[in-house]
Every structure is written in C-alpha cells, then in structure tokens.
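The values are calculated or read from the model by the stated rules, or taken from the named source; none is laboratory data. Since the model is a prediction, treat every value here as computed from it, not as a measurement. Here the Cβ is made from the backbone with ideal geometry for all residues, glycine too, and neighbour counts use every protein chain on show.
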Amino acid sequence: PSTVGVGGAAAAPGRSEVGAYPQTGQTDRALPVAVSATEAGVPAQRAGAVDPATELELARRWADEADRYAQQAEMLAQRPALLPGWSPMARAVAVYLGFSGVAVVLMLILGLASDVGVVGLGTVVAWMCAGLPAVALIGAWLVLGKWGRPASGAATPPRYPLLGFLLCFVAVPLAYCGYLVLVRLLR
C-alpha cells in the first residue's frame, strides 16, 4: 500500500521538504469573508404572493418609459453636434462668418506687417484676394461637413457653397478695404 495517496505529498515518508502547499511564513491568515447577497447589491427575495396583474402593469410602465427614452435618443442622434438648435442655413452662415472673421483678423495683421515693411504689397494683395478667403471657405466647408452632420440618419447636410463663396471671397476683401478706408480717414 502506498502512503502517498492517503496523506498526499506531505505524508510521503522520507521527504519532509515536499508539502501540499509551500509555507510562506504566515500561518494564521484569515480566510476571505463571504459577502451577503444584500450587501453585494442583489435585491432580497420578495415576501408573500405576487399579483400577476400588478407585475404586468409595472412591466408595461417600464417598457413605455424605455420607449420614451429610445425616442429621445433617436431625436438627439438626428441633430448635428455643431449648433444643434439652429437651422442648416443659419449654421452655415455662422460658420462661414466665423471663418471669414478669422481671415479678416489675419488680413489686418498682414496689413500691419505691410505697413512696417515686413511683407510686400504683392503678398498682401495675393493673400487678400485669394489665399485667406480660400482658406476660410475650405475650413468652413470641412467644419460643416464634420460637425454639421447628424450622428445618425440623414445624408450630407446642405453646406451652401454659393453662400460660403460670397461670405468668404467677397466679405473678406471688402472688410480689408473698409480697414484701409478707416485708416486713411483717421490719419
């Protein structure tokens, strides 16, 4: 008869270093304590008889509420992230005007640099007539395409390219000309 099967590896005669588990120095460790189901967040079992009609009514109410939340989520997903309460036309005007405003500020900086002699007049005219308006138009076009689109559902939103062209390529040079007239009047 083998003694290894009765007491395991620890009971093997002549082999004191072999044990079932290695000793780590702490022999008085406490075992993990089990948490009760109510402490873990599991609801306790209901006491008494359950009325099927009441349970059915509660389930219907929860289903109706879930449907309402689903409809709200669908409505929110059909609105664009950029200016969600605005109409597509108003959103496009705001974005094109915003980019045109930034282009006008950059144009004024170029005008001041031209007055100081850092930038030549040809460079300023090229940036005023083509460069900055084109950058404003392309930037606004990309922003409307990225953040002016609903998260789900609809196809590409209208970006109004003719309006963008007018606001960027006409308003920006006009603003610069207005700046020049204002400077001439104030001198």
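So for the stretch 79-102 (the condition being under 20 Å from the mean Cα position of the chain (by Cα) and at positive phi), does at least one residue qualify? Scanning the stretch 79-102 turns up at least one residue that is under 20 Å from the mean Cα position of the chain (by Cα) and at positive phi.
Applying the condition of being of a type outside the set (A, V, I, L, M, F, W, C) and assigned to a helix (DSSP H, G or I) to the stretch 168-187 and asking which residue is surrounded by the most Cβ atoms within 10 Å (Cβ to Cβ) yields Tyr176.
Of all residues being among the hydroxyl-bearing types (Ser, Thr, Tyr) and touching a helix residue (DSSP H, G or I) at 6+ places or on another chain (Cβ under 6 Å) in the stretch 84-110, which is nearest to Pro157 (Cα to Cα)? Just the residue, please. Checking each candidate, the answer is Tyr96.
Applying a threshold of 8 Å to beta carbon distances and a minimum spacing of six or more residues, or different chains, the list of pairs starting in the stretch 166-187 at a residue that is on the phi < 0 side of the Ramachandran plot and free of Cβ contacts under 8 Å to residues at least 12 places away in the same chain and ending at one that is part of a helix (DSSP H, G or I) and among the hydroxyl-bearing types (Ser, Thr, Tyr) is empty. Of Thr156, Thr123, all but one fail to be touching a helix residue (DSSP H, G or I) at 6+ places or on another chain (Cβ under 9 Å), over 30 Å from Leu76 (Cα atoms) and free of Cβ contacts under 8 Å to residues at least 24 places away in the same chain; the exception is Thr123. Among the residues of this structure, Arg46 counts as one that is surrounded by fewer than 11 Cβ atoms within 10 Å (Cβ to Cβ), of a type in the set (Lys, Arg), modelled with pLDDT under 85 and more than 20 Å from Gly145 (Cα to Cα).
When the stretch 72-86 is filtered for residues that are surrounded by 10 or more Cβ atoms within 10 Å (Cβ to Cβ) and either part of a helix (DSSP H, G or I) or among the hydroxyl-bearing types (Ser, Thr, Tyr) (or both), the ones remaining, listed by number, are Gln72, Ala73, Glu74, Leu76, Ala77.
Listed here are the helices (runs of 4 or more DSSP H) enclosed by the stretch 108-167 that have at least 2 residues being closer than 21 Å to Val95 by Cβ and of a type outside the set (Ser, Thr, Tyr): 132-147, 161-165.
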